[in-house]
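A short write-up of the structure that comes next.
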Amino acid sequence: MKLLIVTHVPHYKEQSRYYAYAPYVREMNLWLKNAPQCTVVAPISTEKKGTIDIPYEHPDIIFFKVPAIALTSFIKILKTMLVLPLVLIRIIKAMQQADHIHLRCPGNMGLLGCILQIGFPFKTKSAKYAGNWDPEAKQPWTYRLQKWILNNTFLTRRMQVLVYGNWKNQSENIRPFFTATYSETEKQAIQKTVHSGETIRLLFAGTLVEGKNPIYAIQLLEQIKESIPNILLDIYGEGKLRRDIEKYVEVSNLKEHVILHGNQSQKIIKKACQQSHFVVLPSKSEGWPKAIAEGMFWGCVPLATAVSCIPDMLAQGKRGVLLQMEVEKDASAINDLINNPSVFEKKSKAAQQWSQKYTLDYFEAEIQKLLQQ
């Protein structure tokens with residue numbers, strides 16, 4: 001089978017190997033196990049690969065390089081219009097040669113793929129919609145257009161669209177799905193407890209941008225430490241808010257309570273999850289929040305906003321705390337958990353039991369089924 005991947009994810013070439021963002025590549029390597037040949041249509045970055053970029057593990061990858069496209073400013077739209085014919089030609093050529101077309105959405109390349117796949121109604125196709133599939137979510141028009149095309153069974157045929165969460169009034173194209181990080185062999189029954197006299201650890205793992213709201217996590221800690229001074233917040237990730245966060249921590253005298261670790265390996269993140277009591281993600285929008293699922297796998301009680309599939313992940317609050325984005329109210333809810341160890345332990349156990357269902361072994365088996373249909 002010849003598998004085609006159309007994605008907006010920037011790639012890096014080094015010594016005849018192609019690298020990209022590690023979580024994306026780890027997932028795609030599972031898809032590639034089922035494809036003797038693979039073609040990738042994506043932009044190649046001129047920058048050096050970063051510490052969180054890893055290579056595809058496949059002996060036969062054909063790469064169709066395309067310019068990066070964007071619609072976020074007038075200048076970028078003009079540049080996109082100039083290179084658009086080349087991008088369209090390369091996607092169409094790759095689709096003609098493929099047995100199975102796989103689109104990574106949402107994104108500009110995913111949008112073009114959604115439109116062009118209409119011309120290939122007899123090929124088997126799949127799309128991974130990694131964003132928020134909630135029909136009521138406020139999103140850019142390009143995201144809404146992709147969702148409409150993918151959900152439309154007249155325009156989009158022989159397609160399975162993998163989305164996060166269960167949503168009403170969806171077409172037969174739509175299939176609730178998940179993402180995994182850990183294998184069956186890594187599963188452990190971890191019993192976590194909280195005591196007012198011990199150090200309580202909160203974990204934030206994600207890009208330091210406004211959408212992920214890392215400063216709100218710090219504000220939560222700031223509020224909680226008024227009654228529970230032995231509390232720490234470990235922040236993993238990099239982003240344009242790094243300097244703002246450092247300044248906030250310094251001005252607020254929180255250096256002893258907030259630790260910025262930067263980007264770290266999966267091994268270090270795993271250890272951090274094992275040592276933490278809570279995983280916090282006050283994000284404005286999500287698809288499947290891996291940081292939350294990974295923390296839950298190791299018994300962390302999740303503290304997250306009620307966006308996308310998160311209410312289902314947290315069982316409407318039975319497996320964690322749905323943040324209301326009011327610091328005093330949210331801090332009070334977390335304080336109540338810390339001061340009630342039995343309730344904390346119940347939520348921790350429930351979080352762990354739910355997350356440990358979604359292993360890499362299960363994920364790989366579901367991908368294999370999908371590609372064989």
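Exactly one residue among GLY299, GLY237 is surrounded by 22 or more Cβ atoms within 10 Å (Cβ to Cβ) and farther than 27 Å from LYS138 by Cα, and that residue is GLY299. Could you check, for the range 273-294, whether at least one of its residues is within 25 Å of TYR24 (Cβ to Cβ), free of Cβ contacts under 8 Å to residues at least 60 places away in the same chain and among the basic types (Lys, Arg)? Within the range 273-294, none of the residues are within 25 Å of TYR24 (Cβ to Cβ), free of Cβ contacts under 8 Å to residues at least 60 places away in the same chain and among the basic types (Lys, Arg).
Restricting attention to the range 15-27 and to residues that are farther than 23 Å from ALA365 by Cβ and at pLDDT 90 or above, the residue that is surrounded by the most Cβ atoms within 10 Å (Cβ to Cβ) turns out to be ALA20. Condition first: in contact with a helix residue (DSSP H, G or I) (Cβ under 9 Å, 6 or more places away or on another chain), crowded, with 19+ Cβ neighbours inside 10 Å and outside any loop (DSSP other than H, G, I, E, B). Now tell me which residues in the range 28-42 satisfy that. Passing the criteria: TRP31, CYS38, THR39, VAL40, VAL41, ALA42. Candidates in the range 338-373 are the residues that are basic (Lys, Arg) and closer than 30 Å to LEU221 by Cα; of these, the one that is surrounded by the fewest Cβ atoms within 10 Å (Cβ to Cβ) is LYS346.
Note on the range 150-206: enclosed strands (runs of 3 or more DSSP E) holding 2 or more residues that are within 30 Å of ILE338 (Cα to Cα) and not charged (D, E, K, R) are 200-205. Restricting attention to the range 129-157, the residues being free of Cβ contacts under 8 Å to residues at least 60 places away in the same chain and surrounded by 19 or more Cβ atoms within 10 Å (Cβ to Cβ) number 7. Report whether or not GLU256 is part of a helix (DSSP H, G or I), of a type outside the set (S, T, N, Q) and either at pLDDT 95 or above or not assigned by TED's automatic domain parsing to the domain that holds GLY165 (or both). Here the answer is no, as GLU256 does not meet what is asked. For the range 315-332, the tally of residues that are over 13 Å from SER227 (Cα atoms) and either in a helix (DSSP H, G or I) or among the hydrophobic types (A, V, I, L, M, F, W, C) (or both) stands at 10. For the condition touching a helix residue (DSSP H, G or I) at 6+ places or on another chain (Cβ under 9 Å), acidic (Asp, Glu), outside any helix (DSSP H, G or I) and loosely packed, with under 15 Cβ neighbours inside 10 Å, GLU47 does not qualify. Scanning the range 63-76 for residues that are β-branched (Val, Ile, Thr) and closer than 19 Å to THR7 by Cα, which turns out modelled with the highest pLDDT? By that ranking, first place goes to VAL66. The residue that is surrounded by the fewest Cβ atoms within 10 Å (Cβ to Cβ), among those in the range 50-79 that are touching a residue at least 12 places away in the same chain (Cβ under 8 Å) and among the hydroxyl-bearing types (Ser, Thr, Tyr), is THR51.
The values are calculated or read from the model by the stated rules, or taken from the named source; none is laboratory data. It should be emphasised that the depicted structure is a prediction, and the values quoted were computed from it without experimental measurement. FYI the Cβ positions are ideal-geometry reconstructions off the backbone, even for glycines, and counts take in every protein chain you see.
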